[in-house]
Amino acid sequence: MTLVKAGVVVLDCAEPEKLAAFYEELLDGEQTVASANLVQIRGADGFRIAFRRDVNATPPSWPRPENSLQAHLEFMVDDLDGAERRVVSLGGRPLETRDAVGPHEERSYSDPSGHSFTVRLVPPTAPKQG
């Protein structure tokens, strides 16, 4: 028997309604839970994320070391430029970071409350050779 039925990423923030609206639009999702202190959404692909009210929430400062990374989200996309336009139009901000090291093309942003996230290009799949 499975003990855990599902998991939800929860971000603390001062205004959960506003942050939920940002991610609802970004993920083409819908609100599934709303209370005085928590809002949860489900993205079009089934990904669930919630936002909990914490009036003393301090935005992460990543990539600066003070009050650094508290959580990091990563979303797979087919079009980095299109994803950037959408993120910025919704109130997200590009983060000034060095070029990503590794085999993936990605860009980092902060949401309107300062949480960092990355959009990563889905690598093309090539037919198997040989």
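Solvent-accessible area of Thr32, all protein chains in place: 60 Å² (probe radius 1.4 Å, heavy atoms, ligands and nucleic acids excluded). Coupling constants for the stretch 41-51 follow from the phi torsions by the Karplus curve (6.51 cos²θ - 1.76 cosθ + 1.60, θ = phi - 60°), and in residue order they are 10, 10, x, 4, 8, x, 4, 10, 9, 10, 10 Hz; glycine and proline get x. 3J(HN,Hα) along the stretch 26-39, derived from phi through the Karplus expression 6.51 cos²θ - 1.76 cosθ + 1.60 where θ = phi - 60°, amounts to 4, 9, 6, x, 9, 6, 10, 9, 8, 9, 5, 10, 8, 10 Hz, with x in place of Gly and Pro. The modelled label-to-label distance for the pair Ala36/Glu17, using points 7 Å beyond Cα in the direction of Cβ, is 1.4 nm. Largest accessible area first, the listed residues Ser110, Ser35 line up as Ser35, Ser110 when surface is computed with a 1.4 Å probe on the assembled protein chains. Database remark: amide H of Val33 closer than 5 angstrom to the amide H of Gln40 (H placed geometrically; neighbours at sequence offset of 5 or more, or on other chains; Pro and chain starts carry no H).
The values are calculated or read from the model by the stated rules, or taken from the named source; none is laboratory data. Note that the coordinates shown come from a computational prediction; the quantities given were computed from them, not determined experimentally. Here Cβ is always computed from backbone atoms with ideal geometry, including for glycine, and neighbour counts include all displayed protein chains. Accessible surface is based on the protein model in full, side chains and every heavy atom, while ligands, DNA and RNA are left aside. Shrake-Rupley method; radii C 1.70, N 1.55, O 1.52, S 1.80 Å.
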